[in-house]
1. Only one of (1) open to solvent by 30 Å² or more (accessible area, probe 1.4 Å); (2) more than 25 Å from the chain's Cα centre (by Cα); (3) modelled with pLDDT of 50 or more is not met by CYS411, so which one is it?
2. In the stretch 255-274, what count of residues is obtained for those that are in a helix (DSSP H, G or I) and open to solvent by less than 60 Å² (accessible area, probe 1.4 Å)?
3. Residues VAL85, VAL44: which one is β-branched (Val, Ile, Thr), in a helix (DSSP H, G or I) and modelled with pLDDT of 95 or more?
4. So, in the stretch 219-247, how many residues would count as being outside any loop (DSSP other than H, G, I, E, B) and modelled with pLDDT under 95?
5. Scan LEU311, LEU315, LEU306, LEU277 and give me the residue that is in a helix (DSSP H, G or I), more than 23 Å from VAL129 (Cβ to Cβ) and open to solvent by 20 Å² or more (accessible area, probe 1.4 Å).
6. I'd like to check something: does the stretch 337-352 contain any residue that is touching an Asp or Glu at 6+ places or on another chain (Cβ under 7 Å) and in a helix (DSSP H, G or I)?
7. Kindly list the number of the only condition in (1) assigned to a loop (DSSP other than H, G, I, E, B); (2) within 27 Å of ALA66 (Cβ to Cβ) that fails for LEU134.
8. Could you please let me know if PRO329 is more than 20 Å from the chain's Cα centre (by Cα), at pLDDT 90 or above and more than 27 Å from VAL377 (Cβ to Cβ)?
Amino acid sequence: MSLLRDRDFLLLFAGQGVSRFGDGLYTAATAWLAWSLTKDPTAVALVSVSAFAPAFLATFVVASYADRYDRRKLMIATDLARVAVVAVAVALLSLGLLDLPLLVATTALLALIGAPFAPARNAIVPQIVPADRLQQANGLLQVAFRAAFFVGPLMLAPLLAYGSMKSALVVNGLTFMASAAAVAAIRVTRPSSTGGQAGLWSDLAAGLTAVRAAPDVLVVIVTFVLALALTNGFLTVGLVAVVGQGGQYGLLLGVAGVAEVVGALLLAGLRIRGLALAAVLAWAVLGIFRAPLGMVTSGAVAAVLLIATGLASALTDIPLIALVQQRIPSHHLAKALGLWEAGVAGALAVSPFVASTAITLAGVRDAFLLSGAALVVLAVTATLILARYGGASRSGEVGSGGAQQPEQRSCGPVSADAGPRPESPA
């Protein structure tokens, strides 16, 4: 596609694809390391929670720095800091000192350091991509993110077979370095306004005001977070209960992941006018195909349903990101995206408990039916709210406050003093 011929977008695309590969590898590696150290599934859950809790607590707050200072430099600093943390983890593992508490602390520290990265990354896109191509750019980036993340865990087995756990951690550190190098080479446009003089709390308050001033954005973000809390756990906890076989479970997860990648690739070639409406109605489609999963007895039927939900899943976040990039002013953009990322982290933390509780109380069949029905009701409610505010008709257009006007490409990276710059999951 033509965007991939743009030097700066290609750097972002490739660098973040490599970074997400490292994220997928690290997620699998830490889970396996926690199991190896303790043989306790609770320990694996604890490490998983430690990867989400800091992001939930800190992402919105630290996103303020991405709006008030140079986003590009912040991304580079974040990557390099994470390289240092991984290096310490490798040293501790080599010395035999890496126990469960230190693993949890390391995972939490990496999540905390990385909290501003995803909002900064998504917010920098309008600085290198024209406003009318944001949806295509986000679609292509999601293709890279999803495909690379799913490949990451697949590399754990050969790395352990021919190397060691230290090798897996070293590879993860190298992906952070590759990401930093790619971001450092990107040239970005000079932001049109400045927010560097505002204090942290006043800037956060102004960011919340900007989101409230765009009700379509607020509705789509709230819908996404609530829907994720209702559904994500059913793709892990619930699907295990449906298939009952590890091999088939892994295969079905892979099918859903490939469908998400294909969906993102298809969306990159389409132009959606009603971004907010598309984003909320996608959850209804996902709910319709998710509801019968609890009743299937055939792996082939389950695969077909998961393909449909995977395709719909791509439609839930790509229009959302483009909508936020268009409707929120540049100097509040990272905070708006950070609010969404924080909500996603919180939803991912509670969703397994929602699914397990529903299955315990209602059984697998009825729990899936209730989850699907809840998604449909949520999507219809959000659609009615959008219609009330007129968001469904405006959401595909650039808002007056958040429009990214065409700007001159600078000769090199913009300094932190020049003003603010403009992730994913899933």
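The values are calculated or read from the model by the stated rules, or taken from the named source; none is laboratory data. Owing to the predicted nature of the structure, the values given are computational and were not obtained by experimental measurement. Glycine also receives a Cβ, built like all others from the backbone with ideal geometry; neighbour counts cover every protein chain displayed. Calculation scope for accessible area: heavy atoms of the full protein, side chains included, ligands and nucleic acids excluded. Shrake-Rupley method; radii C 1.70, N 1.55, O 1.52, S 1.80 Å.
1. Status for CYS411: all satisfied but (3).
2. Total satisfying the criteria: 10.
3. VAL85 is the lone residue from the list that is β-branched (Val, Ile, Thr), in a helix (DSSP H, G or I) and modelled with pLDDT of 95 or more.
4. Adding up the residues that qualify gives 18.
5. None of the others qualify; the one that does is LEU311.
6. Yes, the stretch 337-352 contains a residue that is touching an Asp or Glu at 6+ places or on another chain (Cβ under 7 Å) and in a helix (DSSP H, G or I).
7. (1)
8. yes
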